[in-house]
Structure formats: C-alpha cells, structure tokens
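Written below as structure tokens is the structure these notes are about.
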Amino acid sequence: MAVNAYLREKCILPREGTLVDSTLIDGPSSTRNKRGARDPEMSSTKIGNAWYFGMKAHVGVDLDSGVVHTLETSTAKVHDIQKFDHLLHGDERAVFGDKGYVSGEREAAFRTQGKIWWVMRKAPKRGLLAAATSTDENR
C-alpha cells in the first residue's frame, strides 16, 4: 500500500506545507562478494571533496505533523531536484528545502499560484548572495 493511501485511510492527511530533503545511505563499495560486482542500485557521488558510494532516500515531510508522506529512493548520483516533484502531495501552500532544490522555474510557478517558496538560495560562483528583498523578508 502506498504511503499516501495509508495516511488517508488512517485520517492523517498532509496539510499546508511540505519539507523536502534527501539523505545518503552508505553502501558497501567492495566487489569482494559472490558476484564480484557492486550493487547496481547504488552509485558513487561527491559531496564536498569526499566521495561516497550508496543510494539516496528522498523524503517529503508534512510541516505541521512531521509525518513522512512521501519516500523515494535512487542511486546516489541522482540530484535532489530530479525527485522534487515526486515529493509533493499537491495541496501544499508552502514548500521548504535546502539548496539542492533551487529552481527559478519552480519558484516562479509556486509564487504565481500564491504559494510560499522557502528554498535556500545558492550564491553565484565566486559571488555573494543578493540582499533579501522586502517580499522575501515578509514570506
């Protein structure tokens, strides 16, 4: 049974906002096993200056209740933004996330619908973040 269907059956419904995030699940990088190969559902990814091998759990959490309403898994090399649309239940009035979910196109779509977009911004390469505008401060 899908997570959202289970939550609806138990009358635990996602409400106003969704917090999206992902986490790396470490996996064995060794090929010293019966098949002599790494797990095909896992891959390598670089975070900062370090390399990791494993998979990712992408999670959508209801802001009010803290209940996980959506969970997707992928290889570690899949970027967070690729799973963004799958993590929303569709009735959010607000979405919150880290820099991995930055998207000017998605932000514009949310704001034109009167929804709140609270995703951290990235500084441009070799640059600084622009000062917050009055509309950003009142979000």
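Those residues that are within 17 Å of Lys83 (Cβ to Cβ), touching a residue at least 24 places away in the same chain (Cβ under 8 Å) and out of contact with any helix residue (DSSP H, G or I) (no Cβ under 6 Å at 6 or more places or on another chain), I need them from the range 97-117; list them, please.
Once the filter is applied, which keeps residues that are within 17 Å of Lys83 (Cβ to Cβ), touching a residue at least 24 places away in the same chain (Cβ under 8 Å) and out of contact with any helix residue (DSSP H, G or I) (no Cβ under 6 Å at 6 or more places or on another chain), the range 97-117 yields Gly97, Asp98.
Name the pairs whose Cβ atoms lie under 9 Å apart, with the first residue in the range 16-34 and more than 30 Å from Asp91 (Cβ to Cβ), the second modelled with pLDDT under 90 and of a type in the set (Lys, Arg), and 6 or more positions between them or separate chains?
Close Cβ pairs satisfying both conditions: Gly27/Arg38; Pro28/Arg38; Ser29/Arg38; Ser30/Arg38; Thr31/Arg38.
What pairs can you find where one residue is in the range 70-92 and under 21 Å from Asp26 (Cα atoms), the other is β-branched (Val, Ile, Thr) and part of a helix (DSSP H, G or I), and their Cβ atoms are less than 7 Å apart, with a gap of 6+ or different chains?
Thr70/Val3; Leu71/Val3
The values are calculated or read from the model by the stated rules, or taken from the named source; none is laboratory data. All values derive from a computational prediction rather than experimental measurement. Counting neighbours? That spans all protein chains shown, and the Cβs are built from the backbone with ideal geometry, glycine included.
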